[in-house]
Amino acid sequence: MEIRPAEAGDLAAITEIYNHAVRTTTAIWNECVVDVANRAKWLEEHRKADLPVLVGIDEAGLVNGYATFGPWRAWDGYRYTVEHSVYVHPAKQRRGVGRILMETLMQRAQQKGYHVMMAGIESGNEGSIRLHEQLGFQKVGQCRQVGYKFGRWLDLTFMQRILGE
């Protein structure tokens, strides 16, 4: 799988992956789907902020998933900490796509001088928690019932990895 920066031609696939997660999972706590124009603005905002948006491309040239990171919190003291997002096409899940995207994303963060990468994961998402543990993330806290989706309260598990370790 090739990992490269997202391009305008990837936006339809990114939008599809994002909307699938909105409609069917608790990986994203948004409840409204978006259109390609929304994702184009999102991509442009990331570019202006010098934040990566990476896509994983398979041998057929299809987007298997995407990954990005951004500021964890807005205050100056957190400037060396980022929070990431990784989403994989439903037909490509559990095939190593998320792992490869995450490994590349962590390398990019470290190259840019970031010290810590945070993950906010719905506490029932055992697959994501397990993947993060395999990648060296540690659980650092849980917030109970801070989210609501699909008619139920959701808990949020925070995990972190100190980059370079």
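Where a number appears in this text, it was derived from the coordinates with a stated rule and is not lab data. Only a predicted model underlies this, so the values are computations on that prediction, with no experimental measurement involved. Using ideal geometry, Cβ is built from the backbone for each residue, glycine included, and neighbour counts are taken over all protein chains shown.
Some notes on this structure:
- Which of 155, 76, 10 has the fewest Cβ neighbours within 10 Å, and the rest in rising order: 76, 155, 10
- Note on the chain: with a GNM built from Cα contacts shorter than 10 Å, the maximum mean-square fluctuation among 56, 70, 151 falls on 151.
- DSSP-defined beta bridges in the chain - what % are antiparallel, rounded to 5: 90 percent
- Convex hull volume of the Cα atoms of the range 65-149, normalised per residue: 114 Å³.
- For the chain, the relative contact order works out to 19 percent when only alpha carbon pairs closer than 8 Å and six or more residues apart are counted.
- Counting every other Cβ atom within 10 Å of each residue's Cβ, 54, 154 order from fewest to most as 154, 54.
- Potential lengthening between residue 37 and residue 150 on full extension [0.36 nm per residue; Cα-Cα distance subtracted]: 38.1 nm
- Partner lysines whose Cα lies under 19 Å from the Cα of residue 48, excluding those fewer than 8 positions away in the same chain, are identified as 112.
- Pairwise centroid distance, computed over Cα atoms, of the range 28-76 with the range 82-156, Å: 14 Å
- Residue order, fewest to most surrounding Cβ atoms within 10 angstrom, among 105, 62: 62, 105
- Candidates 152, 73, 130: whichever shows maximal mean-square fluctuation once the chain is modelled as a Gaussian network with Cα springs under 10 Å: 152
- Normalising by residue count, the range 42-89 has a Cα convex hull of 83 Å³ per residue.
- Positive-end extreme of charge dipole, the chain - chosen from 113, 56, 141 (charges on Cβ): 141
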